[in-house]
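For reference, the structure discussed in these notes is given below.
The values are calculated or read from the model by the stated rules, or taken from the named source; none is laboratory data. What you see is a predicted model, and the numbers here were worked out from it, not measured in a lab. As a convention, Cβ positions derive from the backbone with ideal geometry for all residues, glycine included, and neighbour counts pool all protein chains shown. Side chains included, ligands, DNA and RNA excluded: accessible areas come from the protein's heavy atoms. Shrake-Rupley method; radii C 1.70, N 1.55, O 1.52, S 1.80 Å.
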Amino acid sequence: MPITPRELSAEQLRRLCSPDDLSFQSTAELELLDDIIGQERATRAIEFGLDIPYYGYNIFALGPSGAGKTTTITQYLERKAATLPIPNDWAYVNDFERPDEPKALRLPPGGGAKLRDRFDQLLDELEELLPKAFESENYEQHRKEMVQELDERRQRVVEAMEASARSQGFAIIETPTGLLFAPLIDGKAATREQFEQLPEEQRNALEAAEPALVEQMEKTLREVKTINDEAISRLQHLDREIAAATLGPGFDELKEQYAEWDDILTYLEDVRQHIAHHVDRFKSQTDDGEAPASDIPAALLLRPPESLFDNYQINVVVDHQHRRGAPVIVETNPTYYNLVGRIEHEAEFGALITDSSMIKGGSLLQANGGFLVVDARALLRQPLAFEALKRSLRHKQVRIEELSEQLSVVATTSLSPQPIPLNVKVILIGDPYTYYLLYAYDDEFQKLFKVRADFASEMTWNDENTVKIARFIRTRSEEEGLRAFDLTGVAKVVEHAGRLVEDQRKLTTRFADVADVIREADYWAGKAGHTLVTGADVERAIEERRYRSGQVEERVREAIVDGTIMIDVDGAVVGQVNGLAVLMLGDHMFGKPSRITAKTFLGQAGVVNIEREARLSGKIHDKGMLIINGFLGGRYALNKPLSLTATITFEQNYDGIDGDSASSTEIYALLSSLSGLPIKQSIAVTGSVNQHGEIQAIGGATDKIEGFFDICKEKGLTGAQGVIIPQANVNSLMLREDVVQAVADGQFHIYPVRTVDEGIAILTGVEAGERGEDGKFPKETVNRLVDDGLRKLAKRLKTFGRPPKKKGDEEAPVEENGEESDEDETPEVPGEPGLPGDTIDGIGDDPEQPDGGPEPPEDLED
C-alpha cells in the first residue's frame, strides 16, 4: 500500500504581512516612535530601578547585541532626566592651610561657570587696583608720617641713652660686635691704652659705673625693639586697611549675590583674609615686577603661579550651565581616569608640576545627580576602572586619585583633593554571560546592581507591534534623512523581522539589523529613482546583503553540483541519508546538506560514532549518538541482545561537527542498513530525537531547507525532492518566496513528522509498523525487517566459532508460523545481557579506548 505522507502547503511556509491590513499609505503619515518596542519587562525594570531611591539599586541591562539597548535606554533616560532638577555644579579651590588638599566647592546648579568668570574678573581688577593703592599719594603720606613718627620716637630713646651715658663719663660706640661703652677723656672716647693710663681710682670708678649703664642700655634696646615692632604692626595694619578698602566692594557684592551658599561665602572670606595677610607679596611684585615665592612647600612640586591671583582661581570641574534637567552621560571609553577624573601635570625643568586648577572631573562627576550609562565589557577591560566605580558607589563619593599611587610601591607627594558626594544611577549594559559571571563571582556586584533589566530578542507578531515597526521606520527616516516607505515596503520589513527570529509568531527586537535593511532599501530606492521605498526595494536590499556575504555558500554549492562533494538528489541507496547542517560565517548563515552513511555488521561494539573516534565531534553530538543507542535498545532489544556493530559518519567532513539535529537522520541510516530498504536521496532530513523515537525541534530549519532547495534547483527540480522537518518547527518557517512558490507548484515538498516511524515511512515508502499484542511487528514493515535483521545478527554471533552440531542434537524449537522460538535466542553474555557494549569471547569495545578527550573542532550543525 503506497504511503501518502502529510506535507505542508505553501501558505504554511511563510507568514505574510498584508499591506491591506495597514491603515496608512506611507510611513510619512505616522508619528515618531518615542518608546521602547517589545521590551515591557525591561521597561518596567528600568522604571523601577530609576525611581527607587535606596542604596544599591543600580541597573544592569542585559540582552543580545543589536537589540538597541544603549540607544533605547539613553532615549528613555533623557525623557526621564528632563523632568528632574539640574544638580549642583562642583569646583576645586586652593586650601590655604593645606595646599596639598584642594577643597571641593558646591556651586549653584548651572552657575559654576558664571561664578568663576565673575571671580576671575574680580581678581583681574584687584591685580590692577592693589598695586595702585600702594602707590597712591594718600598711602605714601600715611606711611611717611607713620615712619617719621616712629623714627622720632626711636631717636629720642637713643639720644636719652647717650645723654645718660655721657653724664656718667661714657660714650656709646658701634662696633662690628655691637654697641659698647667707652670712657670719655677730654670729651672723646678713650682707647684701651688711654684707659690704662688713668689713675687706678678713676679706673675703678668707671668700671663700677659700667654695669648700671649696660643694664640701662638693654632697657633702651628693648624699648627700641618695641617701637620697631609697633612700626611693623602699624605698617601692616595700614597695608591691610588699604587692601581691605580695595577688596571690600567686589567681595561684598559677591557675598551678597551668593548669600545662601555657605561654601562660597566661606571661600570668599578665606581669599580676602589670605590676600590681606599676604599683602606684602603684591608690594614686592610692584617693587621688582616678579611674584614672590609661594608659601606652599616646594616638595609638592606645585605649579608656580604666573600671577599672584592664580592661587585663588575657581576650577569648575562640573558645569551644568547649558543643561536642561538631570545629566545623562554615556561613557564610551570607561577608563579609570575617564570615570573618576584625573590630576594633570606639566613638565617644567625636568619635573612634573601641578595645582588645584589642573584637576579634571570624570564621567561619574559629570553624571552626579543624574544617570551614567557604561558598557560592561568595555569597563571590565580597563585596569581598576570597575573597582573605582564600585568604590565610588559603595562610599557615595568620588575621590580623584592618581592611578600611579595605587600601583606604586613608593609613596610620592601629590595632590589629594577632597572627595565630592555622589548621587548617581549607573546603568551597565552587557550580554547575559557577563551578567551571570559578575553575579556569580563578585559579591559587591550583587549589592550594587540589584536591578536586572532583561531585554528580549523577540516580541509577539501582532497588529500593535507591526504598527510600531512602521513607526520605527518613520523615526529612522526622519532622523537620518531617508525616504518614506510605502505599504509594500513596510510589509516586507515586517516579514524580514519575522524571518530574523525564524518564527511566524514573533518579530525580532534586534532593531540594529532592521535599521540596516531600512537604510539599504533607501539606497536601492534611490538607485531605482523611487520617491517612496517599495517592497521591491526591500527585497533588493535583502538579496544584495545575501549576495555580498554568500561567496562561501556559493563555492560549497558549486562543489556539490560538480560532484566534488558527493550529494545525490535522486535515486535510492541503502544506509545513506542526506542530513542538513547550518554553517555560520560571520553575519551569514546558510544550510548545507551532508551525506550521512551507516554500516551494520556482526559484532558487539554497538553504534560507533566515527566522528567521535576521530575527535571531530562535540559533546552534544556525542550525546545524540548515545540517545540513538537507547532508542535502538528500547525498541528492538526487549527479547534479545542488541548484538551488532554499526558505524555512522558524516562523509567528507573534515572540520568537526556538533549538535544533535542529525540524530534522527542517523537513525534513518541505521534502520535502512539493518532492514536493507533503500532511502530516497531526493529527501533531506533534519531533526533531533529522544529515546522514545519522538522528533524534537531544531534550530536553523529555514536555512537548512533553503540550502537543500538551492542544491536541488541547481541540479534540476524533479518534483520528488523535499525535506523532512520536525512538526514542532512548522511555526518557525519563514522561507524565501522562491521556495514557497516551488512548493505551491509541486516542485518541492516539506514533510513535518512527529516520530521516527513517520520519517522512515516517507524515506523508504514502506510502513514502519507497530508492535502488536504478540510483541511482534507486522510483516513487510520497516520495524519487522529491522527486528529480523538484529535477530539474525544475534544468532550468528551466538553460533560464531562453535563446532558443527552432531547428528541427533536437538534442533531449536520452531513456532507454528515457521519462525524460530525466542526461548533460546538470547546468548550467554557476560555482564548485563542485551547491552551494546558487552563482549563475547573478547569481541567488543577496545578497553584502551578513552571515554573522553580534548574537545574536537566544532562545526555548527544546529
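Structure notes:
- Selection of segment 73-117 for residues being without any contact (Cβ under 8 Å) to a residue 12 or more places away in the chain and among the aromatic types (Phe, Trp, Tyr) yields an empty set.
- Only one entry in Glu737, Glu758 is more than 17 Å from Val569 (Cβ to Cβ), within 42 Å of the chain's Cα centre (by Cα) and touching a residue at least 24 places away in the same chain (Cβ under 8 Å), namely Glu737.
- Apart from one condition, Tyr654 fits all of (1) assigned to a loop (DSSP other than H, G, I, E, B); (2) open to solvent by less than 10 Å² (accessible area, probe 1.4 Å); (3) among the aromatic types (Phe, Trp, Tyr); the exception is (2).
- Taking segment 21-37 as the range and being touching a residue at least 60 places away in the same chain (Cβ under 8 Å) and in contact with a helix residue (DSSP H, G or I) (Cβ under 6 Å, 6 or more places away or on another chain) as the test, the residues that pass are Leu22, Thr27, Leu30, Leu32, Leu33, Ile37.
- Set Ile679, Ile695: member being at pLDDT 95 or above and more than 40 Å from the chain's Cα centre (by Cα): Ile679
- Scanning segment 674-692 for residues that are outside any loop (DSSP other than H, G, I, E, B), among the hydrophobic types (A, V, I, L, M, F, W, C) and in contact with a Ser or Thr (Cβ under 9 Å, 6 or more places away or on another chain) gives Leu674, Ile679, Ala684, Val685, Val689.
- Single residue of Thr508, Thr460 found to be farther than 19 Å from Asp537 by Cβ, β-branched (Val, Ile, Thr), at pLDDT below 95 and touching a helix residue (DSSP H, G or I) at 6+ places or on another chain (Cβ under 8 Å): Thr508
- Check on Leu384, aliphatic (A, V, I, L, M), open to solvent by 40 Å² or more (accessible area, probe 1.4 Å) and at pLDDT 90 or above: yes
- Note on segment 472-585: enclosed helices (runs of 4 or more DSSP H) holding 1 or more residues that are surrounded by fewer than 17 Cβ atoms within 10 Å (Cβ to Cβ) are 511-528, 535-549, 551-561.
- Residues satisfying the stated conditions in segment 328-360, i.e. more than 14 Å from Pro417 (Cα to Cα), touching a strand residue (DSSP E or B) at 6+ places or on another chain (Cβ under 7 Å) and of a type outside the set (A, V, I, L, M): Glu331, Pro334, Asn338, His345, Glu346
- Leu428 passes every criterion in (1) touching a helix residue (DSSP H, G or I) at 6+ places or on another chain (Cβ under 9 Å); (2) more than 15 Å from Thr509 (Cα to Cα); (3) surrounded by fewer than 20 Cβ atoms within 10 Å (Cβ to Cβ) apart from (3).
- Among the residues of segment 605-651, those identified as part of a loop (DSSP other than H, G, I, E, B), open to solvent by 30 Å² or more (accessible area, probe 1.4 Å) and farther than 21 Å from Gly687 by Cα are Ala614, Arg615, Leu638, Asn639.
- Tally of residues being open to solvent by less than 50 Å² (accessible area, probe 1.4 Å) and over 25 Å from Gln747 (Cα atoms) across segment 586-604: 6
- Residue match in segment 657-671 (condition: aromatic (Phe, Trp, Tyr) and open to solvent by 30 Å² or more (accessible area, probe 1.4 Å)): no
- Filtered residue count, segment 38-57, keeping only those that are in a loop (DSSP other than H, G, I, E, B) and either acidic (Asp, Glu) or over 25 Å from Gly700 (Cα atoms) (or both): 5
- Of the helices (runs of 4 or more DSSP H) that lie entirely inside segment 342-396, not one contains 3 or more residues that are of a type in the set (Asp, Glu).
- Yes/no for Glu758 being over 30 Å from Gly579 (Cβ atoms), charged (D, E, K, R) and either modelled with pLDDT of 90 or more or open to solvent by 40 Å² or more (accessible area, probe 1.4 Å) (or both): no
- Residue list for segment 310-352, restricted to those being at negative phi, open to solvent by 30 Å² or more (accessible area, probe 1.4 Å) and among the small types (Gly, Ala, Ser): Ala347
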